[in-house]
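Engineer: Below is one structure. I have some questions about it.
Read-outs: derived from the displayed coordinates by stated rules, not from any lab. Remember, predicted model here, so these are calculated numbers, not experimental data. Note that we place each Cβ from the backbone using ideal geometry, even for glycine, and neighbour counts take in every protein chain shown.
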Amino acid sequence: MRTFSKYLALILTAAFCIQIAAAQDAPKKDTAPKPPSSPSQVLLDNWNYIGRKLTAMAEDFPEDKYDFKPAPAQRSFAEQLLHAAGANYYFINPATGVKPPSGDAKRSDYKTKAAVVEFVKKSFADGAALIKSKGDSGLSDLYPDPFSSQQTRFSDGAWEIIEHSGEHYGQLAVYYRVAGLVPPASRPKK
């Protein structure tokens, strides 16, 4: 019986402590929830998020593997980065009234890792500056879609490029794995 009462006291104490801990983590009822970010801030945050991930890969991948291809018919690691970063200008240029590029950025124009990294950074910085300049009021501005004969909303074009960049991030993660490396975002946090 003494053993039972010891266990009962232990169980009741643990239950009480759990309730206290849960109460401390519960949100205060008199505290209003934080308002959501503005639509343009959400767009900018997502643009910068994928830009940081691709930039981290560009900076991290060994330069001697920049021309690595998992299969002969695929783009090299550097060509994937150049394609993803160059695609940003299919949004940025038409949205600012400038003619879009006529194709992918060429590896021969970006011969070093440093040149590729700089192009990736610049393309995302240019897009971020454009998104900031538009703000919420410019998200519905129209521009000519370079791939169709119709107008596109500014926000729709930006979200399409974010999605496109995410697809190439996924492909580049596979390049890392096939090359025997671990992508920066998959490494344990220090």
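Engineer: With +1 on each Lys and Arg Cβ and -1 on each Asp and Glu Cβ, how big is the dipole of the chain about its Cα centre, in debye rounded to the nearest 20? Before the final figure, lay out each step's value.
Structural biologist: On the way: 24 positive and 20 negative charges, 186 e Å.
Result for the chain is approximately 900 debye, rounded to the nearest 20.
Engineer: If each residue of separation counts as 0.36 nm, what is the full-extension length gain between R52 and Q171 once their alpha-carbon separation is subtracted? Provide the component values of the computation, followed by the final result.
Structural biologist: Working: separation 119, 0.36 × 119 = 42.84 nm, distance 1.59 nm.
Taking R52 through Q171 to full extension adds about 41.2 nm, to one decimal.
Engineer: Another question about this same structure. Spin-label point model (7 Å from Cα, Cβ direction): what's the S149 to K69 distance in nm?
Structural biologist: Distance between label points: 3.6 nm.
Engineer: Here is the link list: K34/K190; K69/K111; K34/K122; K69/K190. Which ones come out longer than 25 Å on Cα distance? Could you put the intermediate results ahead of the total?
Structural biologist: Numbers: K34/K190 30 Å; K69/K111 16 Å; K34/K122 33 Å; K69/K190 30 Å.
Over 25 Å apart, Cα to Cα: K34/K190; K34/K122; K69/K190.
Engineer: Say the dipole of the chain comes from +1 at the beta carbon of Lys and Arg and -1 at that of Asp and Glu; which of L44, P33, A125 then lies farthest toward its positive end?
Structural biologist: Farthest towards the positive end: P33.
Engineer: Kirkwood hydrodynamic radius of the range 90-188 from all distinct Cα pairs, in Å? Display every interim value, and only then the final one.
Structural biologist: Details: mean 1/r = 0.0645 Å⁻¹.
When all Cα pairs of the range 90-188 are included, the Kirkwood radius is 15.5 Å.
Engineer: While we're on this one: Given the peptides 93-101, 160-168, arrange them by the average over their residues of other C-beta atoms within 10 Å, most packed first.
Structural biologist: On the way: 93-101: 14.4, 160-168: 17.2.
Top to bottom by mean Cβ count within 10 Å: 160-168, 93-101.
Engineer: Provide the net charge surrounding L139, with neighbours chosen by a C-beta distance below 15 Å and charges set as Lys +1, Arg +1, Asp -1, Glu -1.
Structural biologist: Numbers: positive: K132, K134, R153; negative: D45, D136, D141, D156, E160.
Around L139, the surrounding residues sum to -2.
Engineer: At 4 °C and a viscosity of 1.567 mPa s, what translational diffusion coefficient does Stokes-Einstein give for the range 44-91, taking Rh as the Kirkwood radius over Cα pairs? Give it in µm²/s as a whole number. If you can, show how the numbers build up before the last one.
Structural biologist: Numbers: Rh = 11.7 Å.
After rounding, the answer is 111 µm²/s.
Engineer: Still on this structure, please answer the following. With Rg and Dmax of the Cα atoms in Å as the read-out, I listed [x] 24.6, 86; [y] 16.4, 50; [z] 17.2, 52; which label goes with the value calculated from this structure?
Structural biologist: It is the value labelled [x].
Engineer: Please compute the modelled spin-label separation between A185 and K122, points set 7 Å along Cα→Cβ, answer in nm with one decimal.
Structural biologist: Simple spin-label model gives 2.5 nm for this pair.
Engineer: Just to confirm my numbers, what's the Cα centroid distance between the range 96-122 and the range 22-91 in Å?
Structural biologist: Their Cα centres are 18 Å away from one another.
Engineer: Now, a different point. As I understand it, the dipole of the chain uses +1 on the Cβ of Lys and Arg and -1 on the Cβ of Asp and Glu, about the Cα centre. Which of Y169, A105, L142 lies farthest toward its positive end?
Structural biologist: Y169
Engineer: Considering amide H positions built from the backbone, and no H for Pro or chain starts, which residues 5 or more places from F68, or on another chain, come under 5 Å of its amide H?
Structural biologist: Under 5 Å from the amide H of F68: F77, A78.
Engineer: In whole Hz and in residue order, list the ³J(HN,Hα) couplings for the range 51-61 that follow from phi through the Karplus curve 6.51 cos²θ - 1.76 cosθ + 1.60, θ = phi - 60°; x for Gly and Pro.
Structural biologist: Per-residue couplings from phi come out as x, 5, 5, 5, 5, 4, 5, 4, 6, 8, 4 Hz.
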